[in-house]
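Here's the structure, in structure tokens; my notes come after.
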Amino acid sequence: MIRRLTEKDRDIYLEMAEEFYHSDAVLHPVPRSYMEATVDEALASDRYTKIYLIESEGVCAGYGVTARTFSQEVGGFVTWIEELYIREAFRSKGLGREFFSYIEEDGKGDTARLRLEVEADNTRAVALYERLGFHVLEYVQMVKDR
């Protein structure tokens, strides 16, 4: 089951986010204060970000974080899948596919594109995303942290 995060889910989300940011799926960990800022924003409003809990067998099996932008390139809103984390014991059980199905249905009618980033060596995730219809954009991402 996929559902939106509530205030009572704050601690379990932060626990799983810590797990995610100390895994091989990311380039580097982020400060806990960043995770707390994300959960605060998601609980305050769904305008910019949403956090979803992924449950299986009555327990939290993972989470997903999305962010929303507008893109002239696609003529509408873009939902960024910022993070998708499935705990090891629950992987390869269809939960990632269920999450994407939920996200697509949730954005039906006003989302022109789904977009995500993935570590190239995360072959299991890349294979899932390709099966779901994602393809590589030939952009070079550049950032300037402030």
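The values are calculated or read from the model by the stated rules, or taken from the named source; none is laboratory data. Quantities reported herein were computed from a predicted structural model and do not represent experimental measurements. Backbone-built Cβ (ideal geometry, glycine too); neighbour counts: all protein chains shown. SASA here: full protein model, heavy atoms, side chains in, ligands and nucleic acids out. Shrake-Rupley method; radii C 1.70, N 1.55, O 1.52, S 1.80 Å.
So what is the accessible area of the chain per residue, in Å², with the probe set to 1.4 Å? It amounts to 65 Å² per residue over the chain. Restriction of the GluC sites (Glu not before Pro) in the range 49-146 to DSSP coil positions whose beta-carbon has at most 12 other beta-carbons within 10 angstrom yields Glu57, Glu73, Glu117, Glu119, Glu138.
Using Cα springs under 10 Å in a Gaussian network model of the chain, which residue among Ser23, Ser56, Ser33 shows the largest mean-square fluctuation? Highest fluctuation of the listed residues: Ser33. By accessible area, using a 1.4 Å probe on protein heavy atoms only, the range 1-144 has 51% of its surface on carbon and sulfur.
The Rg/Rh ratio for the range 24-133, using Cα coordinates for both the radius of gyration and the Kirkwood hydrodynamic radius, is 0.95.
May I ask which residue of Tyr48, Trp80, Phe70 lies farthest towards the positive end of the charge dipole of the range 32-89, with charges of +1 (Lys, Arg) and -1 (Asp, Glu) on Cβ and the Cα centre as origin? Of the options given, the answer is Phe70.
Over the chain, Cα pairs under 8 Å with separation of 6+ residues give a relative contact order of 19 percent.
Highest GNM mean-square fluctuation among Ala42, Ala61, Ala120, for the chain modelled with Cα contacts below 10 Å: Ala120. Among Phe20, Phe134, Phe99, the largest mean-square fluctuation in a Gaussian network model of the chain, built with springs joining Cα atoms closer than 10 Å, belongs to Phe134. From largest to smallest, the equivalent ellipsoid semi-axes obtained for the range 15-63 from the alpha-carbon gyration tensor read 18, 18, 8 Å.
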